[in-house]
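Chemist: Take a look at this one; I'll ask things after.
Every number in this text was worked out from the coordinates using simple rules, so none of it is lab data. None of the values given here were measured: they were computed from a predicted structure. Cβ coordinates were reconstructed from backbone atoms using ideal geometry, including for glycine residues, and neighbour counts include every protein chain displayed.
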Amino acid sequence: MQRILSALLAGVVFGLGIALSGMANPAKVMNFFDPLGTWDPSLAFVMGGALTTAAIGYRVVFGTRRAPLFDTTFHLPTARTIDLRLVGGSALFGLGWGIAGFCPGGAVPALGFAPWPTALFLISMGAGMLIARRLQALPRPTTA
């Protein structure tokens, strides 16, 4: 139960940060991607603040703890290779973010501001995730 409550608290804090910084507003995000028009650099400051907080947090947590508070081990990514899936997924994420003005984390808090467009984005994102999983499950062609 503590694990679920701590995840809920982390999600609420993240959502509040996204909402308070204005990053739940797709127009504000899209203005960041328009340097020749109505450029708004505030997203860079939000990202910088998040990166700084995360870097300090990682140093503190991994420097003082062998396991998280509410689990038996840390669950960290193990992949170290840059492959087509990583580059393609990153490019697709960036294109979607630039076109829609939403990233997955910012879309959930945005439900409170613009429910229908945001719901459409979330449904489309979910459909894309399902399609990607189905494609990954297909047998891969072998090379001889």
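Chemist: What is the stretch 102-144 by shape, rounded, prolate or oblate, if you read a ≥ b ≥ c off the alpha carbon gyration tensor as root eigenvalues and call it rounded for a/c under 1.5, prolate for a/b larger than b/c, and oblate otherwise?
Modeler: Working: a/c = 5.77, a/b = 3.78, b/c = 1.53.
Judged from the Cα gyration tensor, the stretch 102-144 comes out prolate (a/c at least 1.5, a/b above b/c).
Chemist: On full extension of the chain, what length is gained from ALA91 through ILE131, given 0.36 nm per residue of separation minus the C-alpha to C-alpha distance?
Modeler: 12.7 nm
Chemist: Suppose only helical runs count, i.e. DSSP H with n ≥ 4. What mean residue ellipticity at 222 nm does that imply for the chain under -39500 (n - 2.57) per run, divided by all residues and rounded to the nearest 500 deg cm²/dmol?
Modeler: Computed ellipticity for the chain at 222 nm equals -22500 deg cm²/dmol.
Chemist: Now for a different question. For the chain, with the dipole built from +1 on Lys and Arg beta-carbon atoms and -1 on Asp and Glu ones, taken about the Cα centre, which of PHE121, GLY101, LEU135 lies farthest toward the positive end?
Modeler: Value: LEU135.
Chemist: Here is a follow-up. In whole Hz and in residue order, list the ³J(HN,Hα) couplings for the stretch 22-38 that follow from phi through the Karplus curve 6.51 cos²θ - 1.76 cosθ + 1.60, θ = phi - 60°; x for Gly and Pro.
Modeler: For the stretch 22-38, the Karplus-derived couplings read x, 7, 7, 8, x, 5, 5, 5, 5, 5, 5, 8, 10, x, 9, x, 9 Hz, x marking Gly and Pro.
Chemist: Can you give the Kirkwood hydrodynamic radius of the chain from its Cα pairs, in Å with one decimal?
Modeler: Hydrodynamic radius (Kirkwood, Cα only) of the chain equals 18.1 Å.
Chemist: Going toward the positive end of the dipole of the stretch 2-137, with +1 on Lys and Arg Cβ and -1 on Asp and Glu Cβ, which of ILE82, MET47, PHE14 do you reach last?
Modeler: ILE82
Chemist: With only Lys, Arg, Asp and Glu charged, each at its Cβ (+1 for the first two, -1 for the last two), find how big the charge dipole of the chain is about the Cα centre; round to the nearest 20 debye. Mind showing how you got there, number by number?
Modeler: Numbers: 10 positive and 4 negative charges, 114 e Å.
Approximately 540 debye in magnitude.
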